[in-house]
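The values are calculated or read from the model by the stated rules, or taken from the named source; none is laboratory data. From a predicted model like this one, the values you see are computed outputs, not experimental measurements. Backbone-built Cβ (ideal geometry, glycine too); neighbour counts: all protein chains shown. Areas reflect the complete protein model, heavy atoms only, side chains present, ligands, DNA and RNA absent. Shrake-Rupley method; radii C 1.70, N 1.55, O 1.52, S 1.80 Å.
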Amino acid sequence: MSQPTEWPEYQQANPAVLVQRPAKPLLVDCRTTLDPEPWRAAGWRVHQLGRPGK
């Protein structure tokens with residue numbers, strides 16, 4: 001289960017809105033604090049340290 005980050009902007013970010021901004025949507029969560037599923041569902045590739053990729 002993800003833990004809260006001290007930056008609420010990341011927890012409140014809308015992956016579906018942001019996916020159009022980068023040329024290659026990639027989220028690297030080095031602290032493993034975000035729930036990766038909403039990001040993946042919106043089209044992002046997600047890497048989290050210590051968790052195997054899908």
Quick note, the chain: a/c under 1.5 would make it rounded; otherwise a/b > b/c is prolate and the rest oblate (a ≥ b ≥ c, C-alpha gyration tensor); here it is oblate
Out of Thr32, Pro8, Val19 - ranked by how far each Cα lies towards the positive end of the dipole of the stretch 8-51, with unit charges on the beta-carbon of charged residues - the top one is Val19
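Considering only protein heavy atoms, what per residue accessible area in square angstrom results for the chain with a 1.4 angstrom probe? The partial results should precede the final answer.
Numbers: 4220 Å² over 54 residues.
Accessible surface, normalised per residue, equals 78 Å².
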Residue-normalised 222 nm signal for the chain, counting each DSSP H run of n ≥ 4 as -39,500 (n - 2.57), nearest 500 deg cm²/dmol, is -5500 deg cm²/dmol
Across Arg40, Arg21, Arg31, the residue with the highest GNM fluctuation in the chain (Cα network, 10 Å cutoff) is Arg21
Magnitude of the Cβ-charge dipole (Lys and Arg +1, Asp and Glu -1) of the chain about the Cα centre, nearest 20 debye, reported as 300 debye
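Using only alpha carbon pairs under 8 Å that are at least six residues apart, calculate the relative contact order of the chain and give it in whole percent.
Values: 59 pairs, mean separation 20.3, N = 54.
Normalised by residue count, the contact order of the chain is 38 percent.
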